[in-house]
Amino acid sequence: MSEETPVTRLYDALARGDVAAMRACCAPDVRFWHCFDGIAQTLDESAQGWEGLIAHTKERHSEDVRSISTANGLVQQFLFVVRTPAGERKAWPLCVVVKLKDGLITRVDEYIDRAGSFAAAEGPVTTPGF
């Protein structure tokens, strides 16, 4: 990711496995909504999920990032790429609609099909069809 925003800082911190830095990107009353379960999680609930993801992956990062600014935040499409403990590299197309206020994330609507991953070859990965 190139432009420095609270969203890039959040995902860069996830790549490093730094949950405290991820939390610092967010307003205390932030909500993270997921399309796969319809639940809007609190910061503490989301942090638990991040810790689990970090514990169960060897690497995590975003590739093929495309952002569009909105009046109160941004929409970002990207591939979320992980390496499993067994060494398998997997990617998921992901879209997030993010609201920002005073330099902090106040809401993330995350659109991801958790079953919709694909094997990602070594090197740069691009979104299928682009």
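Please go through (1) touching a helix residue (DSSP H, G or I) at 6+ places or on another chain (Cβ under 7 Å); (2) open to solvent by 50 Å² or more (accessible area, probe 1.4 Å) for VAL98 and return the number of the only condition it doesn't satisfy.
Every condition holds for VAL98 apart from (2).
Give me the pairs, please: first residue somewhere in the stretch 101-130 and touching a residue at least 60 places away in the same chain (Cβ under 8 Å), second residue anywhere and open to solvent by 60 Å² or more (accessible area, probe 1.4 Å) and part of a loop (DSSP other than H, G, I, E, B), beta-carbon distance under 9 Å, and either six or more positions apart or on two chains.
Here the result reads LYS101/ASN72; THR106/ASN72; GLU110/PHE36; TYR111/PHE36; ILE112/PHE36; ASP113/PHE36; ARG114/PHE36, each pair linking the stretch 101-130 to a residue that is open to solvent by 60 Å² or more (accessible area, probe 1.4 Å) and part of a loop (DSSP other than H, G, I, E, B).
Counting just the residues of the stretch 109-125 that are part of a loop (DSSP other than H, G, I, E, B), open to solvent by 50 Å² or more (accessible area, probe 1.4 Å) and farther than 19 Å from THR8 by Cβ, which one comes out modelled with the highest pLDDT? Explain how you work it out, then say what you get.
Residues of the stretch 109-125 that are part of a loop (DSSP other than H, G, I, E, B), as a first pass: 112-117, 120-125.
The next check asks that each one be open to solvent by 50 Å² or more (accessible area, probe 1.4 Å); those that pass are 113-115, 121-122, 124.
Now narrow it down to the ones that are farther than 19 Å from THR8 by Cβ: 113-115, 121-122.
Working: ASP113: 79, ARG114: 78, ALA115: 78, ALA121: 85, GLU122: 88.
This residue is GLU122.
Considering the stretch 60-74 alone, what residues qualify as being open to solvent by 40 Å² or more (accessible area, probe 1.4 Å) and either closer than 20 Å to GLY129 by Cα or under 13 Å from the mean Cα position of the chain (by Cα) (or both)?
Quick first cut of the stretch 60-74, residues open to solvent by 40 Å² or more (accessible area, probe 1.4 Å) only: 61, 64-72.
Across the stretch 60-74, the qualifying residues are HIS61, ASP64, VAL65, ARG66, SER67, ILE68.
Do any helices (runs of 4 or more DSSP H) lying entirely in the stretch 1-108 carry at least 3 residues that are acidic (Asp, Glu), at pLDDT 95 or above and out of contact with any strand residue (DSSP E or B) (no Cβ under 6 Å at 6 or more places or on another chain), and which ones are they?
Ranges flagged: 43-55.
Which of the numbered conditions does LEU10 fail, given that it passes all the others? Conditions: (1) open to solvent by 50 Å² or more (accessible area, probe 1.4 Å); (2) in contact with a helix residue (DSSP H, G or I) (Cβ under 8 Å, 6 or more places away or on another chain).
Looking at each condition in turn, LEU10 falls short on (1).
The values are calculated or read from the model by the stated rules, or taken from the named source; none is laboratory data. For clarity, every value in this text was computed on a predicted model and none was experimentally measured. So basically every Cβ, Gly included, is an ideal-geometry build from the backbone, and we count neighbours across all protein chains shown. Surface areas here come from the heavy atoms of the whole protein model, side chains and all, with no ligands, DNA or RNA. Shrake-Rupley method; radii C 1.70, N 1.55, O 1.52, S 1.80 Å.
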